[in-house]
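Okay, structure first, notes after.
Just so you know, all these numbers are worked out from the coordinates, no wet-lab data involved. Every value quoted in this text rests on a predicted model; they were computed, and no experiment measured them. Here the Cβ positions follow ideal geometry from the backbone for every residue, glycine too, while neighbour counts run over all protein chains shown.
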Amino acid sequence: MSPLKLLGVFAHPDDESMGMGATFAKYSAEGVETHLVCASRGERGWSGPEEQFPGLEGLGKIRTSELENAAALLGIQSLSFLGYIDGDVDQANHAEAISRIVTHIRKIQPQVVVTFPHDGIYGHPDHIAIGQFTTAAIVCAADSSYKDAENLPAYRVSKLYYMVDSMGFIELVAPFMDDMTFPVDGQVRGENPWHEWMITTRIDTTDYCRIAWRAIHCHQTQLGSIGRLVELDEDTAVPILAKQGTFYRAFSLVNGGRKIETDFFEGLR
């Protein structure tokens, strides 16, 4: 049997740790090969004084280093970038972006891929775009007539998951957060938690939440985005992070039904 492999495809440095750090840590510890593809280097994610902004390239270098440190803590075996600028991912040439992701899928050959859902969790255009690109890339990667830049052979992913926030998790974190809305194209977007019945998969990550909390703190430039959560000590943060690990199984070639999954690799082991 081929070794089990998990690939996450996200938009920015910190998406992996703040979204599913404990999940990555759990599978890495269990011997699953974990891999990460990041669309950008987070070049526009600056929350400090404007006069101290190090510029796009400078901040990109800082956040790349933060991500490398977090990935090492989480046991992620490979880290790759698609080369887009933070904030511009949804403006990327779709055919080019899809092709780049296809190349990573065909090289890594993961059974399981995780990315953002259709709403980008809270409406971030980059999140929505990378979720769409990744979903399309899975289809193209399995098509033997589709040629990527390296002309790699076709590969079929077995399962696709969307990383989602449950109502239970949002109820826990909301008191610590400031206004979670922001404008896009004249409309207000914000967190849109998923009802408990919508969630297909719950991964028990309790034993790995301390690692995730430390990985989150690797992203020093982004800690302002988690509000007063950053003030919590590790013991207090762990039960909150343990409410993550919630996903929507977008498709599976190996299992189905409405029974809640507890393992990405159900049907594959």
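Here is how the numbers come out for the structure above:
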| read-out | value |
| --- | --- |
| Test: VAL173 is outside any loop (DSSP other than H, G, I, E, B), farther than 24 Å from PHE81 by Cβ, touching a Phe, Trp or Tyr at 6+ places or on another chain (Cβ under 9 Å) and of a type outside the set (Lys, Arg) | no |
| Yes/no for GLY83 being touching a residue at least 12 places away in the same chain (Cβ under 8 Å) and buried (at least 18 other Cβ atoms within 10 Å of the Cβ) | no |
| Which listed residue is loosely packed, with under 14 Cβ neighbours inside 10 Å, among the basic types (Lys, Arg) and over 29 Å from GLU30 (Cβ atoms), from ARG189, ARG228 | ARG228 |
| Unique residue being assigned to a helix (DSSP H, G or I), out of contact with any Pro (no Cβ under 9 Å at 6 or more places or on another chain), of a type in the set (Lys, Arg) and over 30 Å from GLN52 (Cβ atoms) when the list is ARG269, ARG210, ARG249 | ARG210 |
| Breaking point among (1) within 25 Å of ARG258 (Cβ to Cβ); (2) surrounded by 20 or more Cβ atoms within 10 Å (Cβ to Cβ); (3) of a type outside the set (S, T, N, Q), for ILE211 | (1) |
| Pairs where the first residue, in region 43-70, is at negative phi and the second is in a loop (DSSP other than H, G, I, E, B) and among the aliphatic types (A, V, I, L, M), C-beta under 7 Å, 6+ apart | GLU43/ILE85; LEU56/ILE85 |
